[in-house]
C-alpha cells in the first residue's frame, strides 16, 4: 500500500458558510451604511450650519434621507432579497420608523440633555442604531420566506 503524501501546510479552518455569509452581509451593510451616513451627516451639517436648524430636527431629516439611500442599496447589495417591494418596503419602514424614534431619543439625550456636541451625539447614535437595524433588516425586513 502506498500512502498519500501529506501536505506540510494545512489550510486554515474556515468559518461555517452561514457565519461567512452573515459576515459578508454585515460588511456590505456597513459599506452601504457609509454611503447613507455621508448623505445623513451632510444634510445634518448643512441644516445646522447653513440654515440654523435645531440639531435634533436636522439629525432626523438626515436620518430620513440616509434611510432612502439605505433601503435601495441594502436591498440590492446586502440582502439580495427576493421579497417584493410592497412586502419588504413596509417592513423596512417599520424598522426605519423605530430607528427614527431611537435617533430622536438618543440625540435628545446626548445633545439636548447631556450637552454633547451635535456631531459627537450623532456618531454615538449612529453606532447604536447600526447594530440594531442590521439585525432587524436581516431577520425581518429582507428575510426571504424560502
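The values are calculated or read from the model by the stated rules, or taken from the named source; none is laboratory data. Computed from a predicted model, the values in this text were never measured in an experiment. Cβ placement follows ideal geometry from the backbone for every residue including glycine, while neighbour counts extend to all protein chains displayed.
Working only within the range 48-67, note down all residues that are free of Cβ contacts under 8 Å to residues at least 12 places away in the same chain and surrounded by fewer than 17 Cβ atoms within 10 Å (Cβ to Cβ).
The first filter runs over the range 48-67 and keeps only residues free of Cβ contacts under 8 Å to residues at least 12 places away in the same chain, leaving 49-54, 57.
49, 50, 51, 52, 54, 57 - these are the residues of the range 48-67 that are free of Cβ contacts under 8 Å to residues at least 12 places away in the same chain and surrounded by fewer than 17 Cβ atoms within 10 Å (Cβ to Cβ).
For residues in the range 80-101 being farther than 14 Å from residue 40 by Cβ and in contact with a helix residue (DSSP H, G or I) (Cβ under 7 Å, 6 or more places away or on another chain), which is modelled with the lowest pLDDT?
Going through the qualifying residues, I end up with 81.
Starting from residues that are in contact with a helix residue (DSSP H, G or I) (Cβ under 7 Å, 6 or more places away or on another chain) and surrounded by fewer than 22 Cβ atoms within 10 Å (Cβ to Cβ), keep the ones in the range 33-47 and report whichever is modelled with the lowest pLDDT.
That would be 37.
Among the residues that make up the range 109-122, is at least one of them surrounded by fewer than 17 Cβ atoms within 10 Å (Cβ to Cβ) and within 23 Å of residue 30 (Cβ to Cβ)?
Yes, there is a match, as at least one residue in the range 109-122 is surrounded by fewer than 17 Cβ atoms within 10 Å (Cβ to Cβ) and within 23 Å of residue 30 (Cβ to Cβ).
Does the range 109-132 hold any residues that are within 17 Å of residue 58 (Cβ to Cβ), in contact with a helix residue (DSSP H, G or I) (Cβ under 7 Å, 6 or more places away or on another chain) and in contact (Cβ under 8 Å) with a residue 40 or more places away in the chain, and which are they?
Passing the criteria: 111, 112, 118, 121, 122, 125, 126.
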